[in-house]
Amino acid sequence: MPLFGRKKAPEPDILHFDAHELPEPPAVGPDGLRSMEDHRDYLLSCIDELPPFGQQILDSLDLSLCEDIVAGISLPGFDNSAMDGYAVHWQDVAEATDDEPVSLPVVGEVAAGQSATHRLSPGTAMKIMTGAPLPDGADSVVPYELTDRGPSDVLVFAPVNSGQHVRRRGEDVEEGELLFRAGDRLGPRSIGLLAAIGQDKVLVRPRPRVVVISTGSELVEPGLQLNSSEQIYDSNSYMLAAAARSAGAQVFRIGLVSDDPEQIRQVISDQLVRADLILTTGGVSQGDYDVVKAVMPELGLTDFAQVAMQPGKPQGFGLIGEDQTPMIMLPGNPVSAFVSFEAFVRPAIRKLRGATPYSRTPVRCRAAHPMTSVVGRKQLARGIVSLDETGARQVELVGGHGSHLLGDLSRANALVILDTEVESVAAGDEVDVWLLGEEQ
């Protein structure tokens, strides 16, 4: 798989399928349709995780580690003050009260980033700032709030316990402690911890570079004028590019490509140099002008299938060019394209990233009203999930079943999954849903 600007890691010693043919496709049912799960697993079996790549820690946000990280230092690295105040021997202030404060001579000052110039003797105090190293001989810190903040002699109005307001060396992280395991995803707090232990680079799986191509001579770029009633604005490439970026990919959206076979062939060939995954929408159904389906076998190994799902029945997959770059070909209707992205493309991007689980984890919701489905097809219906009066999740369908209803799709925050054997769901029954807009 091409990795433009990245060094390839040695290929693992594993069995790959024949480079001249795709693996045997999954079996179809009596109706000639492939199950959605079989098609997804088939695609994933043909896609490898991207090789590890060294990245600066800030550039590694949301990426998956390919190495264990062990702390090379302790945090804190030394005993230090948790408060602005005075370093003391706790016994010296054990009897301090408001009525009978303890007076101690102030014999020095320690700021953050500095060390005390001498040991603290019993019966004395040393002014200390938050984060400053605790002087030798001191065991506690009296906060300013419990003193008169005297510069040469300080009055202490309350006792402190031994070790109070002191951060001990290694109490957060011990040197040699395993902090992260290979496969962990790095979030903002992880980046902060890496920086705190002095780690500036990590080995991660890079963001997959996804090229999005929208085909169709009827398409017009948003912002331009529609010149005929037959033209429509291209929404698919923008929607899919945004979805791929949300899934963690680096995205390249290509300008519109007409239904000219030579132009499609050339555009796809030109994009192979910078693609870990190519995503097209349109041209994979049964029509006379579905040229993607006609052209792709000339560029690599392809598999076109009818999947037992609604929407999103026509699907295409291929390994294209010398590097066998994976290419997923989605139907052109907007809702079909989006549902297909959730079912197949998002899992593929997550596998390239090394992020598990690959597919969304369904959650159970109560049906807010009766629902119907088509037996023999897995229905992925647009839904709105909300909380009922008890705080439990409920879901209602939004819009109809038309695969062109983009307005309803934009309102939905979930996909309701009705299995192939389901014909109807009663109000109050539980159904599986994919929550959109969430990591899982």
Legend entry - Residue in the stretch 351-373 that is touching a residue at least 24 places away in the same chain (Cβ under 8 Å), of a type in the set (F, W, Y), within 18 Å of M36 (Cβ to Cβ) and in contact with an Asp or Glu (Cβ under 7 Å, 6 or more places away or on another chain) present: no
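Got a sec? Which of R265, R253 is within 22 Å of P222 (Cα to Cα) and either without any contact (Cβ under 8 Å) to a residue 24 or more places away in the chain or among the charged types (D, E, K, R) (or both)? Step through it out loud before you land on a result.
Details: R265 fails: within 22 Å of P222 (Cα to Cα).
Within the list R265, R253, the selection yields R253.
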Inset, instruction - Would you mind telling me which numbered condition in (1) surrounded by 19 or more Cβ atoms within 10 Å (Cβ to Cβ); (2) in contact (Cβ under 8 Å) with a residue 40 or more places away in the chain A125 fails? - result: (2)
Inset, instruction - Check whether at least one residue in the stretch 248-261 is out of contact with any strand residue (DSSP E or B) (no Cβ under 8 Å at 6 or more places or on another chain), in the same structural domain as K293 (by TED's automatic domain parsing) and not in a loop (DSSP other than H, G, I, E, B), and report yes or no. - result: yes
Inset, instruction - Could you tell me whether any residue of the stretch 120-128 is under 53 Å from the mean Cα position of the chain (by Cα), outside any strand (DSSP E or B) and not basic (K, R)? - result: yes
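Kindly check whether there is at least one residue in the stretch 185-194 that is assigned to a strand (DSSP E or B), touching a Leu at 6+ places or on another chain (Cβ under 8 Å), outside the structural domain of V292 (by TED's automatic domain parsing) and surrounded by 16 or more Cβ atoms within 10 Å (Cβ to Cβ).
yes
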Inset, instruction - Inspect the stretch 142-162 for any residue being in contact with a strand residue (DSSP E or B) (Cβ under 6 Å, 6 or more places away or on another chain), assigned by TED's automatic domain parsing to the domain that holds L256, modelled with pLDDT of 95 or more and surrounded by 13 or more Cβ atoms within 10 Å (Cβ to Cβ) and give the result as yes or no. - result: no
Inset, instruction - State the number of residues belonging to the stretch 129-147 that are acidic (D, E), closer than 16 Å to M83 by Cβ and assigned to a loop (DSSP other than H, G, I, E, B). - result: 1
Legend entry - Hey, L203 in a strand (DSSP E or B), of a type outside the set (G, A, S) and touching a Gly at 6+ places or on another chain (Cβ under 7 Å) or not: yes
Legend entry - Options G391, G354: the member that is among the small types (G, A, S), more than 23 Å from T281 (Cα to Cα) and either modelled with pLDDT of 95 or more or in contact with a Lys or Arg (Cβ under 8 Å, 6 or more places away or on another chain) (or both): G354
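The values are calculated or read from the model by the stated rules, or taken from the named source; none is laboratory data. Predicted model, so just to flag it, every value in this text is computed and none were measured. Because the Cβ atoms are built from the backbone with ideal geometry, glycine has one as well, and the counts that use them run over all protein chains shown.
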